[in-house]
Structures are given as structure tokens and as C-alpha cells.
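Structure first, then comments.
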Amino acid sequence: MIAEAATRAAVERAARESYGRLLAFLAARTHDLAAAEDALADAFQAALEHWPRDGVPTKPEAWLMTAAKRRLLDRARHAQVHAQATAALAQAAAEAQARANADPVFPDERLKLLFLCAHPAIDAHARTPLMLQTVLGLDAARIASAFLVAPATMGQRLSRAKTKIRDAGIGFDMPLAAELPARLAAVLEAIYAAYGSGWDDVAGADAKRRGLAAEAIELGRVLGALLPQEPEVPALLALMLYCESRRAARRDAAGAYVPLSEQNVADWSHSLIDEADHLLRLALARRRPGRFQLEAAIQSVHAARRLSGHTDWHAVALLYAALRQLAPTIGAATAHAAAVAEAYGAEAGWTQLQTIPAAAVAQYQPYWALAGHLLARLGRRAEANAAYARAIGLCEDAAMRELLQRRRMAD
Amino acid sequence: MKFAILSYETPDNFAARSDQRRDALFGAVFRYIDEMRRAGVFVGGAGLDLPQTATTIRLEEGVRRVQDGPYPDTKEQLGGLFVIDVADEAAAIAWARRCPREPGRVIEVRPLLPPRT
Amino acid sequence: MNYTLLIYENAAGFALRDHPDESKRRAYWSAWPAYVQALRAAGALVDGAGLEPPHTAVTLRPRDGAPQQVQDGPFADTKEQLGGYFIIDVPDLDAALEWAARVPAAPGSVIEVRPNLKPAAAEAAAAGAQP
């Protein structure tokens, strides 16, 4: 069963990779994402259906283009208004088919597509969904659920972004060297948003749960293969793999939530940690520090517990302090306070926590969970109880809610 | 004792909200609310927008699915609810009977949970 | 803008209310006040109530020409049944969905989020009908 699921996943990955390559190729030549998606939609569905049964074809892009042909011909027949656009698409499709048959490996222009999706002219809320839809071929309904948005709203958001790309003539060119850091930061952020889609966690110190974690890692790998020289790229992948390595340890046999500090290190995936360690070393060797290198380094300290048996909270607190300088978010600030409390005591942690402006955390559950925990340790029971109640009321996850309720009773 | 009066509507009743039957439809509801107010039984309530404006979240263990449209996927849909405070179930049913009748409208009466301390 | 969160629970969800295991029962009942408090702290709470389980319901169905027929049981014969509702005041649907995701109903529950009728529009229509 497990082998079968693994085969299925591998086949699906192959189909998504070919789809992404073809979509990037067609869209880069027509500047019309929606039309390119429309042309490939049926062929992609057919691939998801046939390939698991018949195996991945030797020339997957050629297979997809052949399957897409009828849709393209239908389009050409019915097109009246957009005759010119259809002609451009037909020409691009013919070129794609020729290359798919002739070239040993189909050209990979997905990096351009990643940069396009995170273009500053596109609504920030649409960037990650656009990436998931175009590069990986994910359907809008799934993306909508992960981001807790009505599918109709998500559909509109996506189609507005595509219209903007087409009508504003946003280019598919690679960013210039001077623009690269800023443009890359947007791409990395969009991928990380897919990893974290929708799940809060205790003090931000642990990974978000399901959402689109596997898809985000897939995007991280695509980017890693295409842009390996930028240290933040392997660092982001390392960060996601560290978090992913703890997935099995995050629930006990009864399905109850197990926080990071109580997880059994034997339940961590050591192969994922090894891969993450390797990627982080590669990134740090470039000697160009960045936000994701810091975040990955924090997780590597946690991962080291599997060898040393303890967590170096002083190191974690230092790294979070640096992260707050570089990328000040309430998640980092809350996690910093948690680490300070572990390293220097509840009083110090509470002082640190109070530096966060109240307005920023009104609806931030991890803040209230940590506040409850620290207040309880300081013996301020009534305040602790109120803070825990607030955290429970803001919780989106049943298992997390149960953990907080247990702590509220125990602390 | 508090009760909810739930009003389930047919597609045609929802359609009546935006055609020439609109004024009569809402007028009857407002007169009903006025009556409940006069009798001192009206606590609150809400009229709901059309079913197609609904979005549904299904909570599963560790996953949630967001879908367009109402729950459940039946022909009749909840159109609004009233909360009343009356002596007993018989009084609640008496008020439910006075709810304006529209073709196909079904009324459900259910006691509210008592407030817990 | 006002939205109503309609909370549909399945039999297992309703059973938590008087679950024989005290900790489960207590977890169920303590989560709701916490949620209400969070709504209130955010200034989003308008109204809300829990309903007694579906078997306590009676339903009035119209019959052609005859008076309404009163039957025991809820309106719809579905697996999930209305267990309660909240009316919230939030800027948009995204914010309403965020609060819906925080509803502490058991897994297996369904939360419908529907905008409320704009009181002004409904009242204007009603006023038009006044003699």
C-alpha cells in the first residue's frame, strides 16, 4: 500500500513537472497564462488519470502536447474575437511540440514563471495561489481551502492576476541582477506562505501542520534546482525539511498534539534532518546571511537535540533576536520570548513578551498561549487563566485546543 | 424559556425577495416582528442573504475544506431565524404558527440551550 | 458587515454535550465561552445561541388548504444538524471565514457562513408595504 502510494505520488510529481514546464513555455511566448492553462487543462487531467496506470511516458511533454492538440484545434475553430491571440498560442504550441519530440530534455522556464507569480505588480494575496496553480497545476478549490478563502473569491483573485499579467504586459524576463534580491525575497516568501498556509502553532516555534506543506517543498526543490547559487534558496528548503521531519512526532498514538519540547526524537525523520543539515551548510558557506538561513539555523538547533539530548536555548534565543532585527514579525517576537523564558527564566521571557505591541497580537493565538504559560509559571493564576481562555478562543485546530485546555487545567 | 424559530424557504420564496412580491414578503415579516415585540417575547434574530451567497467550511481532523454554497445541499434553505422568550413549548409553537405563511415555507421550533454558568 | 455562522454538528458532536467521560464533556463546554470571549475581545460579537439537540425540535409544515401540520423532529433529515449560531460583525468574508474556522465544534462539523440581510434594505421594502 505504502509503495503504491509512493509510486502514485512520484507519477503525480512527474505530471506536475511536465505541466509546469509546458505552461511556462507557452505562457512566456503568449503572455497569456489563462489561455495556456485552458489549452493544457484536459491533457493534464488525462495524464493524472493514465500515467499511474500506464507509467510515465518516455517523452512526457510530447505526450501532453499530443493530448492537448484537440483542445487547441477547438479553440482555434471557435475563436473569433481573439484570433490573433489564438494564432500566437497555436504557434507556441507547435514550437513546444517540436521541441518536446526533438530535445532530449524539455526546456525548463519555470524559474521565469516563479518570478512572474511574485511580481510586485501582482496583489500580494494572489502570489502564492498563482504559483501553486501555474507551476504545480493545483486546482483553485484546494488552494482556497488551504488559505481559508471562499473558492469563488480565490477564483476571482487568480483570474484578476492573470488578466493583469496579460493586459499590463508584465514580462516573463528574468529580473536584472540589481533587482534580484528583492524579487527573490518575494518568491521565497510566497513559497513559505504555502508551507505555512493557515496553521498557527505554539509560539511559532514549530511547523504548521498540513495545508500545502508537500507542495511548498516541491516548489522549494524546483527553485533549488534552478537557482542553487543563492543561499536563501537552500536555506528555505532546509527550514521546511526540518519542520517536516517532525510531522510524525507531532501527534501521539491517541491523536493528541505533542509540542516540540515534548516530542520523542526517535519519531523525527533523521533522513530529512540530514538533508536539511546539508542544505543549511551549503547556504552558510556562501557567507551571505539572510532571514531563512536564521530560521533554518534555529530549527537545526532544535534538531540537534536528537544527538545531545538537550536544547541549547541560549543559542535559540540569540538566533531569534537576530531574526527579529532582520525580519520583525509577531511570530518571531513571540518565539523569541519563548526561547528567552527557557534560557533565562519566566520573568525574563514575560518581560520580552511585553515588548510586543498589544494591538498586533489581539488575534494571534500563539502569543496568548505563551502568555498563559509564562503567567502560570510566575504564579499569576487569574491572569494565566484569562490568557489561556483567549488562546483557546482563537484556536483553529481541535488537537491544539485540547492541549491548551489541558495546560489551562494543569498550570 | 427561549426558543429559536427557524424559517426554511423554497427557491421561489428566495426569488420573491427581488421581484414584485418583495414589499409584501418583507412587510409581513416586519409586522410579525412588531407583534412579537408588542407581546414582549421578541429577543433577536437575523434574516439571511440568499443561499448562493453562503460559504461552507467542513472541519475534519487536521484538514478543513472550504466550499461555495450553503449546507445542507437541499432544495429548501434556511432564510432566517427569530429568538423568542416564552413560557413553554406550546406558546413557542403558537408564535411559530403566526409566522407569515408563504408557499412551501417550513418552520422549525427548537429550545435554546440554557445559559451555563 | 454582519454574517451568521450556522454550526451544523453530527451525532458524535451532539453526544459530547453529555459525554460520560468528564474531561471530554468539560473540554466541550469550556471551549465555547472562550470562543465567545475571543469574539467579544475583537469587538465582533453581535449575538449567538446554542440549540438543544435535534430530537427536541418540532416542525410546522404547510398543507394545502389545511392548517399547518406539527411534527416531531427537525426540518431536514440530514446527518449534520443545526447546533447553534453566531452573528458576527466583521469587515469582509475573509474575516468571517477566519472566525468560522475557530468555532470549537468537533471534527465532522460543518460551518455555513452567510451574510445577513442588510437591515436597511429589508426595512425600506417593509416600509413600502405599510399602508
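Nothing in this text is a laboratory measurement; each read-out follows from the coordinates by a stated rule. Quantities reported herein were computed from a predicted structural model and do not represent experimental measurements. Positions of Cβ are backbone-derived with ideal geometry, glycine not excepted, and every protein chain shown enters the neighbour counts.
Computed values, structure above
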{"read-out": "Entries of C:LYS24/C:LYS79; A:LYS112/A:LYS162; A:LYS162/C:LYS118; A:LYS162/B:LYS75 with Cα pairs more than 25 Å apart", "value": "A:LYS162/C:LYS118; A:LYS162/B:LYS75"}
{"read-out": "Long-range amide H partners of C:ALA57 with built H, under 5 Å", "value": "C:GLY73"}
{"read-out": "Rg over Rh [alpha-carbon atoms, Kirkwood Rh] for chain A", "value": "1.02"}
{"read-out": "Residue exposure sequence - A:LEU236, A:LEU180, A:LEU279, B:LEU25 - by fewest surrounding Cβ within 10 Å", "value": "A:LEU180, B:LEU25, A:LEU279, A:LEU236"}
{"read-out": "Prolate/oblate/rounded label for chain C (Cα gyration tensor, a/c 1.5)", "value": "oblate"}
{"read-out": "Normalised contact order of segment A:57-162, rounded percent, pairs of Cα under 8 Å and 6 or more residues apart", "value": "18"}
{"read-out": "Fewest-first sequence of A:SER300, A:SER269, A:SER18 by Cβ atoms within 10 Å of each Cβ", "value": "A:SER269, A:SER300, A:SER18"}
{"read-out": "Stokes-Einstein D (µm²/s) once Rh is taken as the Kirkwood radius of segment A:1-93 over alpha-carbon pairs, at 25 °C in 0.890 mPa s", "value": "178"}
{"read-out": "For q = 0.16 Å⁻¹, Debye-computed log10 I/I(0) when each Cα of segment A:276-411 counts as one equal scatterer", "value": "-0.89"}
{"read-out": "Taking the C-alpha atoms of segment A:33-168, convex hull volume expressed per residue in Å³", "value": "121"}
{"read-out": "Within chain C, longest stretch free of exposed trypsin sites (Lys or Arg not before Pro) [DSSP loop, at most 14 other beta carbons within 10 Å]", "value": "C:1-62"}
{"read-out": "Average beta carbon contacts from partner chains per residue of B:100-113, 10 Å cutoff", "value": "6"}
{"read-out": "Longest to shortest principal axis, alpha-carbon extents of segment B:2-111, angstrom", "value": "46, 37, 19"}
{"read-out": "³J(HN,Hα) computed for each position of segment A:242-248 - Karplus, 6.51 cos²θ - 1.76 cosθ + 1.60, integer Hz, glycine/proline x", "value": "4, 5, 5, 4, 9, 3, 5"}
{"read-out": "Among A:ALA333, A:ALA343, A:ALA190: highest mean-square fluctuation, GNM of chain A, C-alpha pairs under 10 Å", "value": "A:ALA343"}
{"read-out": "GNM result for chain A, Cα springs below 10 Å: residue of A:VAL340, A:VAL11, A:VAL105 fluctuating most strongly", "value": "A:VAL105"}
{"read-out": "Residues A:SER261, C:SER30 arranged by fewest to most Cβ contacts within 10 Å", "value": "A:SER261, C:SER30"}
